[in-house]
1. Could you check segment 23-97 for helices (runs of 4 or more DSSP H) lying wholly inside it with 3 or more residues that are surrounded by 14 or more Cβ atoms within 10 Å (Cβ to Cβ) and touching a residue at least 40 places away in the same chain (Cβ under 8 Å)?
2. Quick one: count up the residues across segment 66-91 that are within 15 Å of residue 32 (Cβ to Cβ), touching an Asp or Glu at 6+ places or on another chain (Cβ under 9 Å) and acidic (Asp, Glu).
Amino acid sequence: MTLPDVYSDDADDAPHEPEVSKRSRGVALLLSFFGGIFGLHRFYVDKPRTAIAMLVTFGGCGVWYLYDLVLIAAGEFRDSDDLPLRNWSVSESTFAQHRLVGRAEQRVTELEEQFDGLRQQFNELAERVDFAERMLAQHRESPKPPPPPQLPRGS
């Protein structure tokens, strides 16, 4: 006996956060306010065709400009991927941040390993110098052996 689809526990059916554009709503609002009749906000959201149309018509004689300004302020303006601009802040992608942090951590780890290797080599060198100093000191302190006996010379 199978269960109806309503009772399935598929992860695909779970509610998920709606996707929003990576572009900033605040930047788009400022571009629209100061350069909306030239379509600057549409260039920003990667809609060059409609941006050129706004540029040529001076924002649809102001009507299209005001319409877009209201849409952006309300958070309903969409980018070229049809994702709404909802985030006010400009933020780097999390992938770029993790990649940079990962590289930095990897570099720090490499430097720590190199430093430990240098420390080990230095310690070995210090031990060798210490051994050589002890050998030289021991050689100096040892009594000199008497000179070998000389045989009488026959004449």
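1. Output list reads 25-35, 63-74.
2. 1
Read the figures in this text as sums done on the coordinates, not as results from a lab. Just so it is clear, the structure is predicted and the values come from calculations on it, not from any experiment. Every residue, glycine among them, receives a Cβ derived from its backbone with ideal geometry; neighbour counts consider all protein chains shown.
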